[in-house]
Amino acid sequence: MATGDFSNHMAATGNLAIEAHGLVKRFDGVLAVDGVDIAVPEGAIYGILGPNGAGKTTSLRMLLGIIDPDEGYRRVLGAQNPQDVARRIGYLPEERGLYPSMKAYEAIGFMGALRGLPLEQGRERGKVLMEEHGLGHAVEKQIRQLSKGMAQTVQLLGTLVHEPKLVVLDEPFSGLDAINQGKLEGLIRGLADNGTTVIFSTHVIAHAERLCENIAIIAGGKVPYAGSVEEARDRIPAQVRLETRNTDGPWRAALPQGARRNGAFWDFPLPESGVEPLLKALIEGEAGIQSLSIERAGLHDAFVAIAGEAAARDMVAQEAGDAA
Amino acid sequence: MSSQPDRNNSVRNGGRLSIWRAAYVVARRDFTAILFSRAFIFFLLGPLFPVAVMALAGSVGAQVQSEASPADVGIAMEGRHVDEMLAARERVRDLVGPALPRMVELERLDPGGTFDAEAYLGGQEGSLAAIVTGTPQQPELTATQGRLARWQGMVALVAAHASSPGAQSYPDVATTLVETSGASQNTGRMRTAQGGQLLLFLLIMLLASMVLSNLVEEKGNKIIEILAAAVPMDAVFLGKLFAMLGISVVGIAVWGSTGFAILTAGGVSLSDYANPGVGWPMFFALFAAYFGMGYLLLGSIFLAVGSLAATVREVQTLSMPATMFQILVFFFASLAVTDRGGWLEYTAMAFPLSSPFAMVARAAMDEAIWPHLLALAWQALCVAVFVKAGASLFRKRVMQSGPRGAKGRRSLKGLVSGMFRNSSTSAR
């Protein structure tokens, strides 16, 4: 995204919970992130999409102040140094980590204490949160005694115990079964309904498509697209699926170049002239239309168009790996 | 933040925990976690093992010593002379004490008979170390060279008593007992100095390696990123350092009171030992202060080393030179004790890592207090520099790479070069 686009986008979205421009990070001379621009509106659910190794975690760490960018500008909840507003941020890292010997409610209390919540208050809230999320029976259990999914939930509750205004989740769906993924989606929506800004990274496009209004696509350390999901989908034309009685005739001239035959069907992008001229040409050319459907492009198609086939293949492979 | 509502407001209003408050949160967690862990029991029992080993080794050594001392002197003379010699030996024993060798009857010869002592000893039979033949008037001692030199006078004394029983008279020597002397005080203080240095070294090494293990465990548990996101890394560094210092205070209190109780029950008092130059109470106070300084200096180095490593193996690789260096520093400080007032002692006192050891020794040897005030001020300054530098390196390196990078193989060259490279240019 060019600087002008970035500014326009920020101006259009009003108050921003996060704005970052031109973030660059190198590790031992290797460029990990190369000029990332992100603008996250307050109260939004914002997704960062990209395959593993694309620079999602490094970008999030820079936004949180865990590491400093080598170049670029960032502002989080109005502060140039994200750690100045650390108490208003909740962060769930990709690599889940808790002290194995701690009891579950103590772990939540400790995470709250790190964000400024008094320890005892955090522990009490931890018990309440666990009850609310169906983990009341595990309150007194040590982390090492919990299942992986339960431990992940405990860590998520620890991320939220101090009621942050901004929640940053790095690959939050990773390692969760379908039921818990659904619960987490519900939780994220609930947070946004209460005015909390949620930003999460994922390599599963479906989650972003279901949850987010705005996304950033990141590939190879760059952000080729940052904006609304709708705009991303509009970047590629709608897909037409046509079924005809006749296999040949003058109507074939109405099909755009690159139309693909698939049995009795033809698949092709909707021409820029729109659907009416297309229909007219097909009828006049005696195609014998059996059926015709127009489907808007999905986020996956948009991702392929924006990030490229290779990045999309990586995403699909990682998604399959998660499912396995 | 004086009240709970105030604190809650500050949480809602954002801001960040101060470094000291964040360090307190981290230290409190570490302190309680270690205190209530099984590892702490082993930590408390730790000193028992070297004590038990030393006691066992001493006992075995004494046993071996007693078994391996063939100090008998055989008497091979005419029967009556044998009796005279053995009786004289009993009389002389009260005068000479344990230095007098044990004497046993080897052979009662007929008048005019002879005994080949050389051949008997050459046969290497029995436990005899020497043989006295001839008569009390003309005794002949056969033994190896060292024993000849040691026992010639003793045998002459016994033979003289055997020749003329009751003839020898010695004046009574009046005795006056003193508590100490220049020589014994110096020796005792030297022992206190060396003991203090050794104890300080063992405690510091034990704790510094524990703080390192704690950090590695934390990196292994992936908790470090949660800490890094919430509080300044300086606070994590300080929290870990001070938590282990707190643990050491508990350990020292337990060991000290146990040792004191055992010594008191055994009727042993500190007054039985040479009074340190600064006196016992001040010596203990200075020992505690130098322990704190030494631990903070070495602990900050070990924590910084730990921040560079991603695995236990890397920690071992990187901490080995630091450990070996500290052993060298300890030897250097031990050597400096022998050079009082010399450049060696002053160098050891000035060099930050050896200064606590050198000054503990000085507290044992010398009465002056002011050098300690000067040394503590210097060490405090060094602690501030070391902790700041360690925390800075820790902050820059501990979260340097992504999750996969941290797990991946990194070359030692890369790790070491990372210690000297400022890899982060703040864009805040």
Of the listed residues (B:F31, B:F49, B:F40), the one being away from every other protein chain (no Cβ under 14 Å), under 21 Å from B:I204 (Cα atoms), part of a helix (DSSP H, G or I) and at pLDDT 75 or above is B:F49
Every listed condition ((1) more than 19 Å from A:C212 (Cα to Cα); (2) surrounded by 19 or more Cβ atoms within 10 Å (Cβ to Cβ)) holds for A:G78 save (2)
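Picking from A:I179, A:I143, which residue would you name as being surrounded by fewer than 17 Cβ atoms within 10 Å (Cβ to Cβ) and of a type in the set (V, I, T)?
One residue alone meets the criteria, A:I179.
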Pairing a residue in segment B:226-244 that is under 14 Å from A:L114 (Cα atoms) and within 10 Å of chain A (Cβ to nearest Cβ) with any residue that is at pLDDT 85 or above and outside any helix (DSSP H, G or I), where Cβ atoms lie under 6 Å and the two sit 6 or more apart in sequence or on different chains, gives B:A228/A:I66; B:A229/A:I66; B:A229/A:Y91; B:A230/A:R115
Scanning segment B:215-225 for residues that are within 9 Å of another protein chain (Cβ to nearest Cβ) and in contact with a Lys or Arg (Cβ under 9 Å, 6 or more places away or on another chain) gives B:E218, B:K222, B:E225
Of the candidates A:G258, A:G288, A:G298, the one satisfying the condition of being out of contact with any Ser or Thr (no Cβ under 9 Å at 6 or more places or on another chain) and over 22 Å from A:I205 (Cβ atoms) is A:G258
Of those in segment A:223-244 that are basic (K, R) and modelled with pLDDT under 90, the residue farthest from A:E209 (Cα to Cα) is A:R235
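Considering each residue of segment B:97-119, count those that are assigned to a helix (DSSP H, G or I), surrounded by 14 or more Cβ atoms within 10 Å (Cβ to Cβ) and under 48 Å from the mean Cα position of the chain (by Cα), and give that number. Can you show your working first?
Initial filter on segment B:97-119 (assigned to a helix (DSSP H, G or I)): B:97-99, B:117-119.
If we keep only those that are surrounded by 14 or more Cβ atoms within 10 Å (Cβ to Cβ) as well, we get B:117.
Cutting the leftovers down to under 48 Å from the mean Cα position of the chain (by Cα) gives us none.
Here the count works out to 0.
Let's see how each residue does on (1) at pLDDT 90 or above; (2) closer than 16 Å to A:E185 by Cα; (3) over 29 Å from the mean Cα position of the chain (by Cα):
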{"residue": "A:L119", "(1), (2), (3)": "yes, no, yes"}
{"residue": "A:R123", "(1), (2), (3)": "yes, no, yes"}
{"residue": "A:G136", "(1), (2), (3)": "yes, no, yes"}
{"residue": "A:G149", "(1), (2), (3)": "no, yes, no"}
{"residue": "A:T153", "(1), (2), (3)": "yes, yes, no"}
{"residue": "A:L157", "(1), (2), (3)": "yes, yes, no"}
{"residue": "A:D170", "(1), (2), (3)": "yes, yes, no"}
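Keeping to segment A:154-187, report how many residues are of a type in the set (D, E), in contact (Cβ under 8 Å) with a residue 40 or more places away in the chain and within 17 Å of A:A44 (Cα to Cα).
First, pick out the residues of segment A:154-187 that are of a type in the set (D, E): A:163, A:170-171, A:177, A:185.
Going one step further and asking which of them are in contact (Cβ under 8 Å) with a residue 40 or more places away in the chain, we end up with A:170-171.
Checking the rest, the ones that are also within 17 Å of A:A44 (Cα to Cα) come to A:170.
Going through segment A:154-187 one residue at a time, the tally reaches 1.
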Residue hits (segment A:43-96; of a type in the set (S, T, Y) and more than 7 Å from chain B (Cβ to nearest Cβ)) are A:Y46, A:S59
Checklist line | Residue within segment B:325-343 that is under 28 Å from B:A243 (Cβ atoms), among the β-branched types (V, I, T) and crowded, with 19+ Cβ neighbours inside 10 Å present | finding: yes
| said: away from chain A (no Cβ under 14 Å), free of Cβ contacts under 8 Å to residues at least 60 places away in the same chain and surrounded by 14 or more Cβ atoms within 10 Å (Cβ to Cβ): is that true of B:G292 in this structure? | reply: yes
The condition from (1) surrounded by 19 or more Cβ atoms within 10 Å (Cβ to Cβ); (2) not in a helix (DSSP H, G or I) that B:K222 misses is numbered (1)
If we scan segment B:129-138, do we find a residue that is modelled with pLDDT of 85 or more, β-branched (V, I, T), part of a loop (DSSP other than H, G, I, E, B) and within 43 Å of the chain's Cα centre (by Cα)?
no
The residue from A:A281, A:A259 that alone is modelled with pLDDT under 90 and surrounded by 14 or more Cβ atoms within 10 Å (Cβ to Cβ) is A:A259
If we ask which residues in segment A:28-51 are of a type outside the set (V, I, T) and under 13 Å from the mean Cα position of the chain (by Cα), their number turns out to be 6
Of the residues in segment A:14-42 that are among the small types (G, A, S) and out of contact with any Pro (no Cβ under 8 Å at 6 or more places or on another chain), the one that is nearest to the other protein chains (Cβ to nearest Cβ) is A:A32
Condition set part of a strand (DSSP E or B) and of a type in the set (G, A, S), scope segment A:32-47, selection surrounded by the fewest Cβ atoms within 10 Å (Cβ to Cβ): answer is A:G35
Note: among A:A232, A:A259, A:A238, just one is more than 30 Å from A:T58 (Cβ to Cβ) and either touching a residue at least 24 places away in the same chain (Cβ under 8 Å) or among the basic types (K, R) (or both), namely A:A238
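The values are calculated or read from the model by the stated rules, or taken from the named source; none is laboratory data. The shown structure was predicted, so the numbers you read here are calculated from the model rather than taken from an experiment. Please note: Cβ atoms are built from the backbone with ideal geometry, for glycine as well, and neighbour counts cover all protein chains shown.
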